[in-house]
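The values are calculated or read from the model by the stated rules, or taken from the named source; none is laboratory data. Note that the coordinates shown come from a computational prediction; the quantities given were computed from them, not determined experimentally. Note: ideal-geometry Cβ built from the backbone for every residue, glycine included; neighbour counts use all protein chains shown.
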Amino acid sequence: MIGIAAVATLIAVLNPGQFARSVAGFRVWSVPGILALSMLYYLLQGLRWQPLLRAVGVRLPLSRTLLLNLAGQATGLLPLGELTRAVLVSEASGAEFGTVVATITSSSRPRSRAPSSTAPQPEASSPPSSGRCWCSSSSPSARSSGR
């Protein structure tokens, strides 16, 4: 009911004539392709989620993970709707809710390149060679040159 009201409000706020022309020009034959691509996306999202769940000790069959991922999408557009997936998995597996939430946060944010494991990592307790805190400068080049 809320979804219908939201769509009606959008149509009223937008140009109703333009909306009608756009709907009239919609190619119905593209619906199966759109649905197939959507299902592929959710399948890949579930496949990506499985190793994250395993890393925190949640052992569910892949088919169950895929099903719970798909079921959790029903509330994905609501505020905190992504947490539905965490609730479903924590209830199905008995895992801590917070642990499962961490896998959702990790799977939904863009990945950044991890630092090389062979590169020396600075220790928090030892200051850089310049004797100043590394965080006192705003630019990486200024930090490395000691300015």
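Listing for the model above:
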quantity: Check on Gly94, within 16 Å of the chain's Cα centre (by Cα) and modelled with pLDDT under 95; calculated: no
quantity: Output for segment 25-48, where each listed residue is hydroxyl-bearing (Ser, Thr, Tyr) and free of Cβ contacts under 8 Å to residues at least 24 places away in the same chain; calculated: Ser30, Ser38, Tyr41
quantity: Every residue from segment 48-90 that is closer than 30 Å to Ile2 by Cα and part of a loop (DSSP other than H, G, I, E, B); calculated: Gly76, Leu77, Leu78, Pro79, Leu80, Gly81, Glu82
quantity: Residues within segment 1-29 that are at pLDDT 90 or above and surrounded by 10 or more Cβ atoms within 10 Å (Cβ to Cβ), tallied; calculated: 0
quantity: Candidates Gln18, Gln45 - the one that is part of a helix (DSSP H, G or I) and farther than 21 Å from Val87 by Cβ; calculated: Gln18
quantity: Selected residue (criterion: surrounded by the most Cβ atoms within 10 Å (Cβ to Cβ)) from residues of segment 63-86 that are of a type outside the set (Ser, Thr, Tyr) and in contact with a Ser or Thr (Cβ under 6 Å, 6 or more places away or on another chain); calculated: Gly72
